[in-house]
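Below is one structure, written out as structure tokens; comments come after it.
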Amino acid sequence: MRKTVVISGGTNGMGRATALARIARGDRVIVIGSDPAKTVEGARFLQADLSSVPEVVRVAGEIDGPVDALALFANRIQPKRVETAEGLEYTFALYYLSRYLLGELLTPQLEASPAPVIINVAGVGTKAGRIHWDDLHLERKYSVVRAQLQAGRANDLLGVSFAAAQRRTRYVLYHPGFTRSGSDNPVIKLLARFFGRPVAQSVQPVVDWISKPPAEPLTARDREKPVPLSLRTLSPDDAARLAARTSGLPALSGLT
């Protein structure tokens with residue numbers, strides 16, 4: 001059966017590989033990315049800066065009809081702290097908030113599909129990092145690692161809170177491991193060359209979940225291993241707390 005698949009961060013690395021794999025299966029693929037020079041042949045390309053709340057809202061509004069799968073890959077490393085026009089820390093905005101918004105804004109289209117699924121590719125199973133409740137935007141102490149780990153843990157909790165809403169849409173949290181994903185960072189590129197998993201290997205579960213979503217409301221997997229939902233980084237209380245803090249952000253006023 002031909003599916004409609006939306007992929008954020010779909011012009012590079014694992015996102016691009018997933019797009020090409022689904023196009024090869026005959027799917028209608030919609031790729032969201034920032035660089036029109038990196039369009040994927042056979043896919044509909046939607047240009048957007050996903051660190052911008054208005055841009056996420058705009059691009060979600062350009063997607064109509066039922067959506068069978070939403071695959072979330074968008075992320076970019078920022079060596080120095082960058083603040084978006086809405087006053088949000090960049091990594092928090094791109095890596096976490098864009099995924100939250102796309103999931104919420106596209107829920108009506110997902111729920112109209114016979115077997116919908118969201119696949120959030122981040123770092124589930126990793127215990128390092130935490131939500132800095134008193135400094136979500138890392139104004140007092142920023143580092144690349146601190147920002148990436150906080151957004152990763154936020155994505156873990158995003159899956160928990162989405163599943164708790166008891167929608168038909170299945171939610172998958174997936175940690176692909178260190179992958180040769182096409183990062184522009186020269187150090188990461190060098191390390192990936194020697195130690196990274198092949199992109200095709202890392203995305204194969206994503207491609208398969210699109211074809212056949214899990215039966216459970218929430219699935220968490222770190223590479224080939226299931227992640228227990230009892231892990232402290234998947235706390236339902238923390239998930240509810242983050243969902244409340246997120247929906248109350250001034251940048252989202254009137255949206256949620």
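Only the coordinates and a few stated rules stand behind these numbers; no lab work does. Computed from a predicted model, the values in this text were never measured in an experiment. Virtual Cβ from ideal backbone geometry, glycine too; neighbours counted across all protein chains shown.
When the Gaussian network model of the chain links Cα atoms closer than 10 Å, the mean-square fluctuations of Ala19, Ala48, Ala215 top out at Ala215.
Return the single residue from Gly13, Gly65, Gly123 with maximal mean-square fluctuation; model: Gaussian network over the chain, springs between Cα atoms under 10 Å. With Cα springs under 10 Å in the chain, the top fluctuation among Gly13, Gly65, Gly123 is at Gly65. Residues whose amide H lies under 5 Å from that of Val172, counting only those 5 or more places away or on a different chain, are Ile118, Ile119, Asn120, Thr219; hydrogens are built 1.01 Å from N in the peptide plane.
Considering only the stretch 4-252, what is the antiparallel percent among its DSSP beta bridges, to the nearest 5? Write out the running numbers ahead of the final one.
On the way: 3 of 31 bridges.
The antiparallel fraction comes to roughly 10 percent.
Please identify the DSSP H helices in the chain that span no less than 15 Å along the helix axis (Cα) and have a mean Kyte-Doolittle hydropathy of -1.0 or more.
Membrane-span-like by this criterion, though nothing is claimed about a membrane: 13-24, 144-164, 199-211, 236-247.
In percent, how large is the relative contact order of the stretch 4-252, given Cα pairs closer than 8 Å and 6 or more residues apart? Computed value for the stretch 4-252: 20 percent relative contact order.
Please give the net charge around Glu86, taking every other residue with its beta carbon less than 13 angstrom from that of Glu86, where Lys and Arg add +1 and Asp and Glu add -1.
Around Glu86, the surrounding residues sum to -4.
Of the residues Phe178, Phe45, Phe92, the one with the fewest other Cβ atoms within 10 Å heads the list, and the complete ranking is Phe178, Phe45, Phe92.
Lysine pairs in the chain whose alpha-carbon atoms fall under 21 angstrom of each other, counting only those eight or more residues apart or on distinct chains, come to 7.
Taking N as the residue count of the stretch 4-252, its C-alpha radius of gyration divided by 2.2 N^0.38 Å amounts to 0.93. Ordering Gln201, Ser161, Thr219 by the projection of their Cα atoms onto the charge dipole of the chain, which places +1 on the Cβ of Lys and Arg and -1 on the Cβ of Asp and Glu, puts Gln201 at the extreme positive end.
For the stretch 151-172 and the stretch 63-93, what is the separation of their C-alpha centers, rounded to whole Å? Taking the Cα centre of the stretch 63-93 as reference, the centre of the stretch 151-172 is 16 Å away.
Each Lys and Arg Cβ is given +1 and each Asp and Glu Cβ -1; about its Cα centre, the stretch 4-252 then shows a dipole of about 800 debye. Applied to the stretch 109-120, the Karplus parametrisation 6.51 cos²θ - 1.76 cosθ + 1.60 on θ = phi - 60° returns per-residue 3J(HN,Hα) values of 5, 5, 5, 7, 8, x, 8, x, 8, 10, 10, 9 Hz, with x for Gly and Pro. Cα-based radius of gyration for the stretch 29-85, normalised by 2.2 N^0.38 Å, reads 1.25. When each of Trp209, Trp133 is scored by the number of other beta-carbon atoms lying within 10 Å, the sequence from fewest to most is Trp133, Trp209.
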